[in-house]
1. Cβ-Cβ under 8 Å, sequence separation 6+ or interchain: first residue in the range 1-26 and more than 20 Å from CYS48 (Cβ to Cβ), partner assigned to a helix (DSSP H, G or I) and open to solvent by 90 Å² or more (accessible area, probe 1.4 Å). Which pairs?
2. Provide a single number: the residues in the range 1-38 that are more than 12 Å from the chain's Cα centre (by Cα) and at pLDDT below 85.
Amino acid sequence: MKPLLFFAALTLFYLAYCWFYPYTACGNCDGGKHFTADGQYWRKCCRCKGSGTKIRLGRKLLGGTRDL
(Lines give C-alpha, C1' and ligand atoms only; values in the text may rest on other atoms or scores of the structure.)
Protein backbone atom coordinates (compact mmCIF):
# COMPACT_ATOMS: atom_id res chain seq x y z
CA MET A 1 0.00 0.00 0.00
CA LYS A 2 2.84 2.43 0.77
CA PRO A 3 4.41 2.16 -2.71
CA LEU A 4 1.03 2.97 -4.22
CA LEU A 5 0.72 6.10 -2.09
CA PHE A 6 4.27 7.09 -3.01
CA PHE A 7 3.58 6.81 -6.74
CA ALA A 8 0.27 8.64 -6.37
CA ALA A 9 2.02 11.50 -4.55
CA LEU A 10 4.79 11.53 -7.14
CA THR A 11 2.24 11.70 -9.96
CA LEU A 12 0.40 14.58 -8.29
CA PHE A 13 3.67 16.43 -7.80
CA TYR A 14 4.60 15.96 -11.47
CA LEU A 15 1.20 17.17 -12.69
CA ALA A 16 1.41 20.23 -10.42
CA TYR A 17 4.90 20.90 -11.77
CA CYS A 18 3.59 20.63 -15.32
CA TRP A 19 0.76 23.03 -14.50
CA PHE A 20 3.15 25.75 -13.32
CA TYR A 21 5.99 25.01 -15.77
CA PRO A 22 4.32 23.74 -18.96
CA TYR A 23 7.36 24.09 -21.25
CA THR A 24 10.56 22.11 -21.51
CA ALA A 25 13.54 22.43 -23.81
CA CYS A 26 13.06 20.95 -27.26
CA GLY A 27 14.83 17.61 -27.54
CA ASN A 28 15.54 18.08 -31.22
CA CYS A 29 17.47 21.34 -31.01
CA ASP A 30 18.35 21.20 -27.27
CA GLY A 31 16.38 24.30 -26.38
CA GLY A 32 17.28 26.42 -29.39
CA LYS A 33 21.00 25.65 -29.25
CA HIS A 34 21.34 24.58 -32.85
CA PHE A 35 24.83 25.66 -33.84
CA THR A 36 27.54 24.54 -36.22
CA ALA A 37 31.11 23.79 -35.16
CA ASP A 38 32.16 27.41 -35.70
CA GLY A 39 29.35 28.71 -33.45
CA GLN A 40 27.01 30.01 -36.11
CA TYR A 41 23.28 29.37 -35.91
CA TRP A 42 22.38 27.47 -39.04
CA ARG A 43 18.65 26.67 -39.17
CA LYS A 44 15.36 26.73 -37.34
CA CYS A 45 14.16 23.56 -35.66
CA CYS A 46 11.23 21.93 -37.44
CA ARG A 47 9.83 20.38 -34.24
CA CYS A 48 9.56 23.55 -32.13
CA LYS A 49 9.38 26.06 -35.03
CA GLY A 50 12.47 27.85 -33.70
CA SER A 51 11.12 28.63 -30.23
CA GLY A 52 13.40 26.14 -28.44
CA THR A 53 10.55 24.90 -26.25
CA LYS A 54 7.88 22.23 -26.32
CA ILE A 55 4.90 21.47 -24.10
CA ARG A 56 5.48 18.79 -21.44
CA LEU A 57 3.56 15.53 -21.69
CA GLY A 58 1.95 16.08 -18.28
CA ARG A 59 0.61 19.46 -19.39
CA LYS A 60 -0.89 17.85 -22.48
CA LEU A 61 -2.59 15.30 -20.24
CA LEU A 62 -4.05 18.10 -18.09
CA GLY A 63 -5.54 19.71 -21.20
CA GLY A 64 -6.02 23.38 -21.92
CA THR A 65 -2.90 23.67 -24.07
CA ARG A 66 -4.59 25.68 -26.77
CA ASP A 67 -3.93 28.93 -24.92
CA LEU A 68 -0.21 28.18 -24.34
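The values are calculated or read from the model by the stated rules, or taken from the named source; none is laboratory data. Quick caveat, the model's predicted, so the values are computed rather than measured. Cβ atoms come from the backbone with ideal geometry, glycine included; neighbour counts cover every protein chain shown. These area figures cover heavy atoms from the full protein model, side chains too; ligands, DNA and RNA do not enter into them. Shrake-Rupley method; radii C 1.70, N 1.55, O 1.52, S 1.80 Å.
1. LEU15/LEU61
2. Within the range 1-38, residues that are more than 12 Å from the chain's Cα centre (by Cα) and at pLDDT below 85 number 9.
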